[in-house]
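Let me begin by presenting the structure, written as structure tokens, before commenting on it.
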Amino acid sequence: MADPARVVEGRLAGRAALVTGGGTGIGAATARRLAREGASMVVMGRRAEPLERLAAELPEGRCRPVAGDVTSEADVARAVEAAVELGSGELHAVVNNAGIGGPGSVEDVSLERWRRVLEVDLTGPLLVMRAALPALRASRGAIVNVSSVAGLRAVPESAAYCTAKAGLIMLTKQAALDLGPEVRVNAVCPGWVRTPMADGEMDELGPEREAAYAAVTRTTPLRRPADPDELAGAIAYLVSDDASFVTGAVLTADGGSTVVDAAAIPFMEGGD
């Protein structure tokens, strides 16, 4: 598990950031991590309450909540403006974490769900990057897009989500090309992480949440889901100067799940 003692104190001192989807899960953990390393940030999300709770627990003046939807150009512009103001005219980092899922195969996913998932998970990051670009270019800043291992491989009943997350990986690579050399752009691809969204999925699998997590990570080398703080650590590295020569990278933080051929597991365990 992530050790708070490993936080690099002062690594992001004087930096300003914008974190979308910042109220809970990976986004909230990232905001806490960036604050511990010295950054100030705007956290953006659709619901004001969790954003305000997060801001209240961080040092005064270091976190400003902005309620809004990443698919709204006006909301995105407000969030970027607030982050630049918080940074005394500068913006150094953007973390595109906002995302939604929803069931449905290629055959039966509703067009409404398909469009909404792609708007939030793929178009949203594009809008945020575009709005933040002038400030990021001026500061020679960094962008981290939170994709998923679902963007690297197909998942049953997840046509819209997998497609959007795969698109975000390619958007990351394209942005690294288009926005360099001034702005670095990288992606992280989490596997299972203990977030409210993942907890809900585990609860749908059965009455015992921990048993469900154990089942879905059974073939993962680390045999467990991640804590959000562990993803926050990876993101903090990518926005820091320690990653100054890293751009266009896709960091898979999945406990090793993508290195395993799950189809071979029954044979390895002596099954039929």
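The values are calculated or read from the model by the stated rules, or taken from the named source; none is laboratory data. Fair warning: this is a prediction, and the values are worked out from it, not measured in the lab. So basically every Cβ, Gly included, is an ideal-geometry build from the backbone, and we count neighbours across all protein chains shown. Heavy atoms of the whole protein, side chains included, go into the accessibility calculation; ligands, DNA and RNA do not. Shrake-Rupley method; radii C 1.70, N 1.55, O 1.52, S 1.80 Å.
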* To do: Can you send over the carbon and sulfur percentage of the accessible area for the chain, probe radius 1.4 Å, protein chains only?
  => 53 percent
* Please report, largest first and rounded to whole Å, the three semi-axes of the ellipsoid equivalent to the chain, where each semi-axis is the square root of five times an eigenvalue of the C-alpha gyration tensor. => 30, 20, 18
* To do: Could you work out the Rg to Rh ratio of the range 1-105, with Rh taken as the Kirkwood radius (inverse of the mean 1/r over all Cα pairs)?
  => 0.99
* So what J values fall out for the range 108-116 if you push phi through Karplus, 6.51 cos²θ - 1.76 cosθ + 1.60 with θ = phi - 60°, rounded to Hz, Gly and Pro as x? -> 10, 4, 6, 5, 4, 5, 4, 5, 5
* Asked: Within the range 51-89, which GluC sites (Glu not before Pro) sit in a loop by DSSP and count at most 11 neighbouring Cβ atoms inside 10 Å?
  -> Glu60
* Do any GluC sites (Glu not before Pro) in the range 171-242 lie in a DSSP loop with no more than 16 other beta carbon atoms within 10 Å, and if so, which? -> Glu182, Glu208
* Asked: Can you tell which of Val259, Val94, Val149 shows the greatest fluctuation in a Gaussian network model of the chain with Cα springs below 10 Å?
  -> Val259
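Can you give me the accessible area per residue for the chain, using a 1.4 Å probe, in Å²?
Result: 48 Å² of accessible area for each residue.
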* Asked: Which of Leu205, Leu152, Leu34 moves most in a GNM of the chain, Cα contacts under 10 Å?
  -> Leu205
* Residue-count net charge about Ala31 - beta-carbon cut-off 12 Å; Lys, Arg +1, Asp, Glu -1 -> +3
* Take every Cα pair under 8 Å in the chain that's 6+ residues apart, average their separations, divide by the length, and report that relative contact order as a whole percent. => 18 percent
* Asked: If you keep only loop residues by DSSP, which trypsin sites (Lys or Arg not before Pro) in the range 170-239 have at most 14 other Cβ atoms within 10 Å of their Cβ?
  -> Arg218, Arg223
* **Amide H contacts of Val94 (H built 1.01 Å from N, under 5 Å, at least 5 apart or other chain)** => Leu18, Ala142, Ile143, Val144
* To do: Using θ = phi - 60° and the Karplus relation 6.51 cos²θ - 1.76 cosθ + 1.60, list the HN-Hα couplings for the range 100-106 in order, rounded to whole Hz, with x at every Gly or Pro.
  => 9, x, x, x, x, 8, 4
* Structure fact -> For the range 45-152, averaging the sequence separation of alpha carbon pairs under 8 Å that lie six or more residues apart and dividing by its residue count, the contact order in percent is 30 percent
* **Size of charge dipole - the chain - debye, nearest 20, with Cβ of Lys, Arg +1 and Asp, Glu -1, no other charges** => 700 debye
* Asked: Distance from the Cα centre of the range 1-70 to that of the range 196-243, in angstrom?
  -> 19 Å
* Structure fact -> Relative contact order of the range 43-93 (C-alpha contacts under 8 Å, at least 6 apart) in percent is 31 percent
